[in-house]
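Since the structure comes first, as structure tokens, the remarks are kept for the end.
The values are calculated or read from the model by the stated rules, or taken from the named source; none is laboratory data. What you see is a predicted model, and the numbers here were worked out from it, not measured in a lab. Accessible surface areas use protein heavy atoms only, side chains included; no ligands, DNA or RNA. Shrake-Rupley method; radii C 1.70, N 1.55, O 1.52, S 1.80 Å.
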Amino acid sequence: MGSNNSRSRRMVDEESRHQSGSEDESDQELDYAAILQSLINSGSVHIITSHYDDEDQYYGPPLPKIKHKPNTEDLKASEFAQLTKQASGLGLSKRKMPQNSIGAMLLNRERGMCTYSSFSYANKCKIANRYLPNKMTVLDRYAGKAFCGIYSKDGEYFITASQDRQIRLYKSGDNSYKCTNSFFARDVGWSIIDVAFSPDREHFVYSTWSSSLHQCSVLGDSDHQEPLCLVNTGRRFCVFSVIFSSDGKEILGGANDGYIYVYDRLSNRRSLRIRAHEYDVNSVAFADDTSHIIYSGGDDGLIKVWDRRTLTEANPKPVGVLAGHRDGITFIDSRGDGRHLISNSKDQSIKLWDVRVFSAQSAAENTLRAVHDQTWDYRWQEVPKKLYSSKNKLEGDTSIMTYKGHVVIKTLVRCRFSPVDTTGQRYIYTGCGVGRVVIYDALTGKIKGELSGHNACVRDVAWHPYKNEIMSSSWDSIVGRWRYVGKEISPFVRRESEDLSLNKETTHQPQSLRRSLRIALKRQREDPDSRTSPSNTD
């Protein structure tokens, strides 16, 4: 018993020295149990009981009361706001769009009363943004937690990675989403952590707790997998975030050792390894299709901007640093314009950044100090109230906007910009630790949609690039498919309305007819099997 306690204390000490912000392999059953038991004995953590009702609705842990009034002062004055308004149809003049209703838009176009003969991208986005996804159907259920789910660039394929060690490929060109291929991942410790498509969608690469990435052919089979070695080490190593360059020649990864890795696919070797952050590199991204500018987000709470053309292992220096978060970064997503990006953080916020405005060294030090002062472990503890109650920006914070209302716990929850072709990137959407998909209006900071349908943490979200639907990958082992479903008028009410219109043409008793319809509807509510016509009810 004494040896077990000593072992537990040693493991807790190791965790304290390096508080992982990631999908740590220590969550495996034996290590996790020892760590958790030691924390419980010490009083550092208590168990939160999760339970479900008959309909498997999520009840625990409870969603904290997040009081956040968005401050849009900097956002309104930014280029981001102007570009987003134009792309999403909000920048259209009233002369071109005399009425906001979709019916009026269609009617005026057909009458030739508009300056356009067909809807522009901005007009189409304006229409699509009125019908955001709101209803979930189950795409698939797995034997383990669903960790990743992304689309290929053209939206023809959707790929998922699960803790059951399987990677599944779906053909998303039609509405069936048929699973066309599956692969058993190799060297899986805790789980498959990330997956990425090549630009030509002929290959994909995935990462696990392994010294190598693994590359597969989309049309190949599970037996043909090419290991891409990044390090020669026996210690625990994992790439938490992986992505292809736009030309497909390189693969960029961020790892738990604080380094950024670049793998050259042409020479089949690692071409670059630089120390980027003090702790884990949880997310990496390219700024745009040139693949020259790299973003990295670390567990030290900092976002760093790198220029691939001047980057060397001997003297790695970032172009600039973005500081303002109070805890580790879990994910970053580029807008694709080379100027704007968003970051999700364990401080329970998403921040919007303009990379042309870097943070001062003092701001970076403030962030490092704030992260160092955090004592909670987001993988199994509740979120400290001070993170929700904080109203003031960290001194030196250069972010344009802060979005709050979702929960970041248990895993590296991901956030993304909505698609440019269907929404004009009007929205920012994210997974949530309490089983939701949260959609923010990027221009107001307010929550536009809270999509509840999962029973556990939603780790990844993906919006189809050309269709108005969202995929959510959750730890309840479900991949959900969200689409817009409007309110339908029941056939009875529709039929009664048609009868009423007909009777108005053949009789001259509108008051009586209105009364008849009211009575008929009342009787229908009382007796659903009744099908009495309004003309015979009085």
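For this structure, a couple of remarks:
- Residues whose amide H lies under 5 Å from that of Asn181, counting only those 5 or more places away or on a different chain, are Leu169; hydrogens are built 1.01 Å from N in the peptide plane.
- Solvent-accessible surface of segment 281-377, averaged per residue with a 1.4 angstrom probe and all protein chains in place: 33 square angstrom.
- Entries of Lys126/Lys446; Lys351/Lys448; Lys67/Lys304 with Cα pairs more than 22 Å apart: Lys67/Lys304
- Heavy-atom accessible surface of segment 170-250, averaged per residue, reaches 42 Å², computed with a 1.4 Å probe.
- Residues His214, His224, sorted by accessible area with the largest first, give His224, His214 [1.4 Å probe; ligands and nucleic acids excluded].
- Area of Asp187 that stays accessible when all protein chains are in place (1.4 Å probe, Å², to 10): 90
- Segment 243-305: Cα Rg divided by the 2.2 N^0.38 Å rule of thumb: 1.07
- Segment 355-418 shape via C-alpha gyration tensor axes, a/c threshold 1.5: oblate
- Share of carbon and sulfur in the accessible heavy-atom surface of segment 272-316 [1.4 Å probe, %]: 43
- Heavy atoms of Leu368: accessible area, 1.4 Å probe, square angstrom to 10: 70
- When the Cα convex hull of segment 194-261 is projected onto planes of every orientation, the mean area is 4.5 nm².
- Prolate/oblate/rounded label for segment 379-446 (Cα gyration tensor, a/c 1.5): oblate
- Solvent-accessible ranking of Cys148, Cys229, largest area first, probe 1.4 Å: Cys229, Cys148
- Shape category assigned to segment 343-460 from the gyration tensor of Cα positions, a/c cut at 1.5: oblate
- For segment 342-392, the Cα-based Rg and Dmax, in that order, read 12.6, 37 Å.
- Extension gain, Glu313 to Thr444, is 43.0 nm, computed as 0.36 nm per intervening residue step minus the present C-alpha separation.
- Remark on segment 163-303: Rg and Dmax equal 15.0, 45 Å (Cα only).
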